[in-house]
Amino acid sequence: MAVLPILHHPDPRLRKKTPPVQQFDQKLQRLIDDMFETMYAAPGVGLAANQVGVQLRLSVMDCSEHHDQPIVMINPEVLGAEERQEMEEGCLSLPDIRDKVQRYNKIRLRALDRNGQPYELEAEGLMAQCVQHEIDHLDGKLYIDYLSSLKRERIKKKLLKAAAGD
Ligand code: NI
């Protein structure tokens with residue numbers, strides 16, 4: 001397994017809508033293992049394939065307290081959502097930045113696991129927030145898209161300055 005470099009905003013690869021996964025081969029299994037290792041090392045609770053430069057509709061997540069409940073979400077579809085509320089959010093592609101956005105507190109989805117087997121999931125709270133955040137990534141969106149253009153501009157400047165200082 002390997003820790004992969006995570007792309008930071010405003011990298012254009014974060015802005016593409018990802019195509020569905022079709023091949024459940026060894027290469028995909030290895031990518032999933034590397035994505036988990038990268039996410040846990042960061043540390044983070046979710047990571048989308050396009051954040052490590054791979055254009056596939058695939059995210060890994062683990063919102064558990066002890067980091068022992070890994071979830072693979074492939075080709076997800078939202079079946080229902082309720083209880084819209086404001087939640088604080090961060091993202092590995094926007095280091096050292098957090099802000100409040102509107103999310104659903106409950107969400108129901110259908111997705112495929114790492115072997116291509118379909119499953120349904122009902123998520124609440126942090127897990128529901130994480131699912132929405134990851135599906136946004138797979139659609140080429142970032143949570144800052146919900147903020148004002150003034151705030152977005154400020155964040156972009158901050159990240160470009162940090163990248164120049166690397
Ligand atoms: Ni993110």
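The values are calculated or read from the model by the stated rules, or taken from the named source; none is laboratory data. Just so it is clear, the model here is predicted, and its values are computed rather than measured. Cβ atoms come from the backbone with ideal geometry, glycine included; neighbour counts cover every protein chain shown. Calculation scope for accessible area: heavy atoms of the full protein, side chains included, ligands and nucleic acids excluded. Shrake-Rupley method; radii C 1.70, N 1.55, O 1.52, S 1.80 Å.
The residues in region 40-54 that are away from the ligand (no atom under 12 Å from the Cβ), part of a loop (DSSP other than H, G, I, E, B) and either among the aliphatic types (A, V, I, L, M) or open to solvent by 40 Å² or more (accessible area, probe 1.4 Å) (or both) can be counted, and the count is 2. Pairing each residue of region 97-115 that is open to solvent by 80 Å² or more (accessible area, probe 1.4 Å) with any residue that is hydroxyl-bearing (Ser, Thr, Tyr), provided the two are 6+ apart or on different chains, yields C-beta distances under 7 Å for GLN102/TYR146. Annotation for region 122-130: at least one member residue is within 13 Å of the ligand (Cβ to nearest atom), closer than 23 Å to TYR40 by Cβ and out of contact with any Lys or Arg (no Cβ under 9 Å at 6 or more places or on another chain). Restricting region 131-155 to residues that are among the β-branched types (Val, Ile, Thr) and in contact with a helix residue (DSSP H, G or I) (Cβ under 8 Å, 6 or more places away or on another chain), the residue that is farthest from the ligand (Cβ to nearest atom) is ILE155.
For region 135-157, a residue qualifies if it is crowded, with 23+ Cβ neighbours inside 10 Å and closer than 12 Å to ARG103 by Cα, and exactly one does: TYR143.
Scanning region 73-88 for residues that are closer than 21 Å to ARG13 by Cα and either surrounded by fewer than 18 Cβ atoms within 10 Å (Cβ to Cβ) or touching a helix residue (DSSP H, G or I) at 6+ places or on another chain (Cβ under 7 Å) (or both) yields MET73, PRO76.
Pairs linking a residue in region 42-59 that is of a type in the set (Val, Ile, Thr) to a residue that is part of a helix (DSSP H, G or I), with Cβ atoms under 6 Å and 6 or more positions apart or on different chains, are VAL45/CYS130. Taking region 89-110 as the range and being within 15 Å of the ligand (Cβ to nearest atom) and under 27 Å from LEU160 (Cα atoms) as the test, the residues that pass are GLU89, GLY90, CYS91, LEU92, SER93, LEU94, PRO95, ASP96, ILE97, ARG98, ASP99, VAL101.
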